[in-house]
1. With a 1.4 Å probe and all protein chains left in place, how much accessible area per residue does region 95-141 have, in Å²?
2. Could you give the length gained on full extension between residue 43 and residue 114, defined as 0.36 nm per residue of separation minus the Cα-Cα distance, in nm?
3. Whole-Hz Karplus ³J(HN,Hα) for region 127-144, in order, using 6.51 cos²θ - 1.76 cosθ + 1.60 and θ = phi - 60°, x for Gly and Pro?
4. Would you mind working out the accessible area per residue for region 12-89, using a 1.4 Å probe, and quoting it in Å²?
5. P(r) of region 12-80 in 5 Å steps, Cα pairs, percent per bin?
6. Just to be sure I understand the model, the point goes 7 Å from the Cα along the line to the Cβ. What's the resulting residue 64 to residue 145 distance in nm?
Amino acid sequence: MESFLVSTGIVALAEIGDKTQLLAFILAAKFRKPVPIIIGILVATLANHGFAGALGAWITSLVAPEAMRWVLGLSFIGMAIWTLIPDKFDEEEAKFARFGVFGTTLIAFFLAEMGDKTQVATVALAAQYHAFIPVVAGTTLGMMIANVPAVLLGNRIADKMPVRLVHMIAAAIFAILGVATLLGAGESLGL
């Protein structure tokens, strides 16, 4: 349950102000059809984070536990720093309108998540917890917690959200996970 809850919380916080959340705002404003946008976000996230979680699980089978502890600890600290850097949204990621609302959302979100901090976090969390399904379910729920309100409420909430504060909290959580991992907090998990 810890892997699910940590994954949900970290991704929900890290996603606030992220480029995919900005993409959700843009798609909602452009299409004004929340249901296919939300379903597109869900399917794209499940596919993307499923791949990332599988990669994280696979990596743990290749790397010795002591080396994995250092890789994960430093990765979480790197994620903390990355979280503090504001995202820039590329308008090209929203230009798939010929595929309809669902198809546009699916393609745009899947591509926008490739190499994004939440995908990298999913790899690291799956490796850290050795829990593919809870981590992918948690990171997917975290994405939905951050993006569904963006789709439903759009610009009404965008200006009221303390994005910088939320990013600082997410960065602090990543940093704590990194330091705890480096200090051996995951030894009971074989790290």
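1. 37 Å²
2. Roughly 24.1 nm would be gained on extension.
3. 5, 5, 9, 6, 9, 3, 5, x, 5, 5, 4, x, 5, 5, 4, x, 4, 5
4. 46 Å²
5. All Cα pairs, binned at 5 Å, distribute as 3, 13, 15, 20, 15, 12, 10, 7, 4, 1 percent.
6. So the label points at residue 64 and residue 145 sit 3.7 nm apart.
The values are calculated or read from the model by the stated rules, or taken from the named source; none is laboratory data. The model shown is predicted, which means the values in this text are computed figures rather than measured ones. Positions of Cβ are backbone-derived with ideal geometry, glycine not excepted, and every protein chain shown enters the neighbour counts. Surface accessibility is based on the protein's heavy atoms, side chains included, excluding ligands, DNA and RNA. Shrake-Rupley method; radii C 1.70, N 1.55, O 1.52, S 1.80 Å.
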